[in-house]
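Undergrad: A single structure is presented below for examination.
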Amino acid sequence: MITMKSYLGLFSIFLLLNNAAFAAIYDSVIQDAELVSQSEDILSVDEQVMVVADLSNGQDRNQNFAYIVQIRDENDSVISLSWLTGSLTLGQKFSPALSWTPIATGSYTIEIFVWESLYSPDALSAPLLLTVEVV
């Protein structure tokens, strides 16, 4: 028979395990996203830009990852999707970069994700968002 006391004990264990899982997930962190181009202040049509972010592995083990960049236009349509995969050793830092060449003017949202792999979409960090204007 499950009593209220045992239910609360099980619930506490669930919360503890759940928080530990989230802590483990976010031991890999992506931060400081930026766009790198020849003209630093203005993004122009047909000019290649690099989408760069800093990724670090704060875990005590190696971590496979997929660095994914998705770009949406003003209509919320995905106009570019690219990725790279790799592995970070414990404590390693890495700044992956993927290129994008805008073909039209407008406002774009760049979403950056870090997943365990393309086949296992478990987030290793919270996604980053950038909004940019192309002239």
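Undergrad: Taking the Cβ of SER56 as the center, what net charge do the other residues with Cβ under 13 Å away carry, scoring Lys and Arg +1 and Asp and Glu -1?
TA: Here the count lands on -2.
Undergrad: Any idea how far apart THR101 and TRP83 come out in nm if each label point goes 7 Å out from Cα toward Cβ?
TA: 2.4
Undergrad: Counting Lys +1, Arg +1, Asp -1, Glu -1, what net charge surrounds VAL69 among other residues with beta carbon under 13 Å of its beta carbon?
TA: Details: positive: ARG72; negative: GLU34, GLU111.
With Lys, Arg at +1 and Asp, Glu at -1, the neighbours total -1.
Undergrad: Right, something else. Give me the net charge of VAL78's neighbourhood, meaning all other residues with Cβ under 12 Å from the Cβ of VAL78; Lys, Arg count +1, Asp, Glu -1.
TA: Once positives and negatives cancel, what remains is -2.
Undergrad: Restrict the search to segment 57-135; then list the chymotrypsin sites (Phe, Trp or Tyr not before Pro) that DSSP places in a loop and that have at most 12 other Cβ atoms within 10 Å of their Cβ.
TA: TYR119
Undergrad: Which of the GluC sites (Glu not before Pro) across segment 67-135 are loop residues per DSSP, with 13 or fewer other Cβ within 10 Å?
TA: GLU74
Bear in mind these aren't lab numbers, they're just calculated from the coordinates by the rules spelled out. Not measured: the values here are computed from a predicted model. Note that we place each Cβ from the backbone using ideal geometry, even for glycine, and neighbour counts take in every protein chain shown.
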